[in-house]
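Okay, structure first, notes after.
Read-outs throughout are calculated quantities, based only on the coordinates presented, and are distinct from any laboratory measurement. Note that the coordinates shown come from a computational prediction; the quantities given were computed from them, not determined experimentally. Here Cβ is always computed from backbone atoms with ideal geometry, including for glycine, and neighbour counts include all displayed protein chains.
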Amino acid sequence: MAETALRAHRATLVLILGIVGLLCCMPVGIVAWVLGHQDLKDMDAGVMDPAGRGMTQAGKILGMISVILFVLGTILWICLLALGVVTAPSAFRGG
């Protein structure tokens, strides 16, 4: 029986996307999360080279953290806006 070749892992890509997502661009973090999740699933199924599992997991986790921080920051901003803490500078208040 012929041995099937495993697909190459994308661990470096997932890790870079996770880092970029965490540092500056949250949508890239979503991509890292999704790609990392799919790649780990493929590694578990035996269709992708498992050599990059650690970097893939790290990239996925960084992507998750970037999304969670963005959501928490958005919720905090909305709460502060609702409380009136985030307002226009006093020069524009007419007072």
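Numbers below:
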| quantity | calculated |
| --- | --- |
| Per-residue Cβ neighbour rank within 10 angstrom, fewest leading, 41, 60 | 41, 60 |
| Furthest towards positive pole of dipole, 56, 32, 77, structure part the chain, Cβ charges | 77 |
| MRE, 222 nm, helices only [DSSP H, n ≥ 4, -39500 (n - 2.57), over the chain, to nearest 500] | -23500 deg cm²/dmol |
| Under the Karplus curve 6.51 cos²θ - 1.76 cosθ + 1.60, θ = phi - 60°, whole-Hz ³J(HN,Hα) for segment 35-47, x wherever Gly or Pro sits | 4, x, 4, 5, 5, 5, 5, 5, 5, 5, 7, x, 9 |
| Cα coordinate range in the chain, projected on the principal axes (Å, largest first) | 83, 18, 15 |
| Relative contact order (%) - criterion: Cα under 8 Å, at least six apart; region: segment 11-83 | 41 percent |
| Size of charge dipole - the chain - debye, nearest 20, with Cβ of Lys, Arg +1 and Asp, Glu -1, no other charges | 360 debye |
| Placed amide H near residue 48: partners under 5 Å, 5+ positions off or other chain | 7, 43 |
| Sorted by Cβ density within 10 Å, fewest first, the residues 4, 56 | 4, 56 |
